[in-house]
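What follows draws every value from the coordinates through simple rules; no lab data is involved. Note that the structure is a prediction, hence the values are computed from the model and not measured. Here Cβ is always computed from backbone atoms with ideal geometry, including for glycine, and neighbour counts include all displayed protein chains.
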Amino acid sequence: MASSSSYNSPCAACKFLRRKCMPGCIFAPYFPPEEPQKFANVHKIFGASNVTKLLNDILPHQREDAVNSLAYEAEARVRDPVYGCVGAITFLQRQVDRLQKELDAANADLIRYACNEIPSGLPHMSSIQPITPPQRSIDHYPNRRIGDIDGGGGGGGFYQSPPSFPYPYANHHQWNPSGSGGNLGGGGGGQGNM
Amino acid sequence: MYAVVKVKEKILSSNSPCAACKFLRRKCTQECVFAPYFPPDQPQKFANVHKVYGASNVSKLLNDLPATQREDAVNSLAYEADARLRDPVYGCVGLISILQRRLKQVQTDLDNAKRELANYIGPSAVLPILHQGRFWGCPELGLSERLSISSNSGPGTF
């Protein structure tokens, strides 16, 4: 955790706000003077008083993570004023969907080969003899619960493609909390114009 | 799209104040920047956005955008504000972290499946696919590689 001794130099927040950096400044541990842009972005998007209120409402050991996530969102919003972080979420969801479809197709092929429906094409295989697949756990990938979130408490279930990005108000879908690894979104039908 | 926005603006401000002006207890004028995007029947939307960003920050952001992009901007702000209120520590960044891990997992599974397939149809058929570019982050944002969050209680690095 970065700390800025107000005895030595003001934190980035107090420098920006042009005020004395007092001992116990709530910003000082998280906005070191050598990272002025971090506070500048957070201030621009959220405002100093909103950040103060938010930090005061959470436990001290969580504040560093909170500030870093705010800084991340603020930077994303400064770079992309229309979509901010939500652009990244949509992008990642699409990537996951795309790769999941490829995985499903690969798994389907594996099952077919394992069940001997498609000739392997290997030169040493006789067309009369049944093809014996290598001894391996062929069910490993088809049955794998891709949707399980490691480290999370969700328990998952069989992977379902996450819905397209749900705007909670435009489509009246509820966004489920994700902090502990819960489901993504409340259903499909989100706006597809991102 | 711009014409639709202007029509919405006119209808809303002539009938009843928008959710923003109701919340802020002020007169909702024809020029209200919030009116097209914060209808009076969705009071929570503005309440959340105001709590996280503040009305003046949202107003500045909208004024800096062309009218055709404001609806998307407001909806993404509302989404992020909702996420932040549900998870004050990570907000929607928690979801990004989860998606990145999921993407990595699916990529690993895909690589493994294709290696298995190579046993049946030969390595040359799958090599070009195995070597497809992969990443876990958001190159257009360039953020994911630089930020690390302590693992005290959160979703981990991303």
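Structure notes:
- Model label sites at B:Thr108 and A:Ile111, defined 7 Å from Cα along the beta-carbon direction, differ in position by 2.4 nm.
- Taking 28 Å as the limit for the C-alpha separation, the pairs A:Lys44/B:Lys104; A:Lys38/B:Lys51; A:Lys101/B:Lys51; B:Lys60/B:Lys104; A:Lys53/B:Lys22; A:Lys38/B:Lys60 exceed it in the case of A:Lys44/B:Lys104; A:Lys101/B:Lys51; B:Lys60/B:Lys104.
- Look at the stretch B:108-119: the mean tally of other chain Cβ atoms within 10 Å of its residues' Cβ atoms is 6.
- Average beta-carbon neighbours from other chains, 10 Å sphere, peptide B:66-79: 6
- 10 Å Cβ neighbours from other chains, averaged over peptide A:41-51: 3
- Going from the residue with the fewest nearby Cβ atoms within 10 Å to the one with the most, A:Phe46, A:Phe31 rank A:Phe46, A:Phe31.
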